[in-house]
Every structure is written in structure tokens, then in C-alpha cells.
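The values are calculated or read from the model by the stated rules, or taken from the named source; none is laboratory data. On a predicted model such as this, the values are computed, not experimentally measured, just so you know. FYI the Cβ positions are ideal-geometry reconstructions off the backbone, even for glycines, and counts take in every protein chain you see. SASA here: full protein model, heavy atoms, side chains in, ligands and nucleic acids out. Shrake-Rupley method; radii C 1.70, N 1.55, O 1.52, S 1.80 Å.
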Amino acid sequence: MKKPKVGFYSLTSCSGDILEITNLEEDLLKLFEIVDVVELNVAMPSAGAMPEIAFVEGAVTQSEEARFLRKLRKEVKQLVAMGSCACTGGVVARGPKQRKGWLRDVYPESWEIFKSGFPRAIKDVVQVDLEIPGCPIERGYFLHCVGYLLRSVMPEVPNYPVCMECKMKGNECLLRYRGLPCLGPITRAGCGARQPSMGRPCDGCFGPYDDANLDSLIDIFRSLGLSEREIKSRLDLFWERHR
Ligand code: SF4
Ligand code: SF4
């Protein structure tokens, strides 16, 4: 039976999402059994063929990237934004007002040669069929989505908070019992409460679920003694770009 062609591509990114795929171990071998991988940036040479399903990580910062995306969109049946940078601009889209200053600080001799524009989500350039959030993506959730896409069905997206996954794992609540500024109550589940399960508050990389009550969580953060600046900094990592 002919296997569907699948490609994985990187725009401006740390390649963290594609690295998650290369780290699928036995599941990666199973994936190669059911799909024909024509492109897996950083891990194998290109087969030089167009896929039917394209997974793209990273934000759009260069005009070449926008051109590439438009071409890809015309060729593929399904285009998937993979990772928070691809879905919203992610961490690379932090600090729109401070960017020039940061560039000058890091590259004092050469900052003027950087021609990249402000990072954009893929959906700001072309139509996207599915977004798989996360920084990086969650391997189990990625495989879940692939299973649906291969049947040409859109996967269901969890519409409840990370707290539910925390409870299912029996974790002690970091917000309630340790006073840590966890964003789990306003963040869409799907990661299996990855950070809280390791004793770290959720940073919100999956973005909000539909009924997320941000104002209420901000009130809780204030009651914990966080300053307005600290609260803004917590939300600025991922959440701000969803508002
Ligand atoms: S979403 Fe996170 S892991 Fe993926 S490219 Fe952006 S910074 Fe890297
Ligand atoms: S640790 Fe965070 S994600 Fe887990 S239950 Fe508490 S607030 Fe929710």
C-alpha cells in the first residue's frame, strides 16, 4: 500500500520540536513504517519530494520563509503548525518594543545587518489546518494528532486546564500549597502536566483553553505577593500573544 508522504520543516526556531520527533525512539520507527518521510530537517537529507502533510516549526521572520510557506501551502493537503513559535510567534516574539535594544546589547558590532522582521505565527501568512502547541511539542500529543491526520480527521483539542492532568497524576498543587505562580489553571491541557509533575510551575506554552479565567488567576498571583511586573513577565513568555 502506498504510504502518505510527510515532511517536517523549520522556520526561525531552536529546532526543539523536530528534535522531539527524532527522540521518539521506537515510536519513530513505527512512524517510518506507516508514512514516507520526505523531509526531516536536522535529521536526514531531503528526498526532494513534496509531502501530502507538512509539519512546520518556528516563527516567520524572513521574507524567504513567507515565500516558502506560500509555495508549501499550494502543494500540500494538510499544513500543521508545530510548536508555540509556529502557532503564536512563541518565545521568539517576546518584547516587541525591546527587540532593537536586545539586538544592540547582544551584537554591539553587527546588529544593523539583521534584516529579520518581527516574528509572525504561520497562520498570519498562510491558512493552517491544525495547530499543535507546546514548547516543545508533547510527543504523545503529536502522535495522537498524526493518527487523526492520517485518517483525514481533525483531532479533538483538550478544552480543560492543565490542573485536570495534574489532579489525574496526583500531584501536589504548586500554586495552592507552595505559592508558586503556576499558569496551569488557565492553560490548555495536553502535555500531561509536564512541568508541575517535575515540581516546576506551568509556563502556559499550550495557550488558553476556551473558558480560561485570566483575571481570577491574576488576582490569586497578587494575593501571593507578586508585583505587577512579575505577573506581566510570567504572562509575557507565552500567554500574552493569545490575548
Ligand atoms: S516552540 Fe519552543 S521548542 Fe519549538 S521552536 Fe519555538 S522555542 Fe523551540
Ligand atoms: S500545580 Fe499548577 S497545573 Fe497543577 S493543579 Fe496546581 S495550579 Fe494546576
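Assorted remarks:
- When the stretch 186-199 is filtered for residues that are near ligand 2 (Cβ under 9 Å from one of its atoms) and open to solvent by 40 Å² or more (accessible area, probe 1.4 Å), the ones remaining, listed by number, are Q195, S197.
- Considering Y148, Y177, the condition of being touching a strand residue (DSSP E or B) at 6+ places or on another chain (Cβ under 9 Å) and assigned to a helix (DSSP H, G or I) is satisfied by Y148 alone.
- Test for L29: is it over 21 Å from the mean Cα position of the chain (by Cα), surrounded by fewer than 21 Cβ atoms within 10 Å (Cβ to Cβ) and part of a helix (DSSP H, G or I): yes
- Some residue of the stretch 39-48 being in contact with a Lys or Arg (Cβ under 6 Å, 6 or more places away or on another chain) and among the charged types (D, E, K, R): no
- Note on the stretch 121-167: among residues that are aromatic (F, W, Y) and within 16 Å of ligand 1 (Cβ to nearest atom), the one that is least open to solvent (accessible area, probe 1.4 Å) is F142.
So that you can scan it fast, the table gives a plain yes or no per residue for (1) closer than 22 Å to D27 by Cα; (2) assigned by TED's automatic domain parsing to the domain that holds D17; (3) away from ligand 2 (no atom under 16 Å from the Cβ); (4) of a type in the set (D, E):
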| position | (1), (2), (3), (4) |
| --- | --- |
| A93 | no, yes, yes, no |
| R104 | no, yes, yes, no |
| E109 | no, yes, yes, yes |
| K115 | no, yes, yes, no |
| V128 | no, yes, yes, no |
| I137 | yes, yes, yes, no |
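- Between G184, G207, G199, G170, the distinction of being of a type outside the set (F, W, Y) and modelled with pLDDT under 95 belongs to G207 only.
- Selection within the stretch 201-226: residues that are free of Cβ contacts under 8 Å to residues at least 40 places away in the same chain and closer than 23 Å to G89 by Cβ. The member of this set that is surrounded by the most Cβ atoms within 10 Å (Cβ to Cβ) is G204.
- The residues of the stretch 66-95 that are within 17 Å of F118 (Cβ to Cβ) and open to solvent by 30 Å² or more (accessible area, probe 1.4 Å), listed by number, are V91, V92, R94.
- Taking the criterion of being part of a loop (DSSP other than H, G, I, E, B) and either within 16 Å of ligand 2 (Cβ to nearest atom) or closer than 19 Å to V157 by Cα (or both), the only residue of the stretch 53-91 that qualifies is G83.
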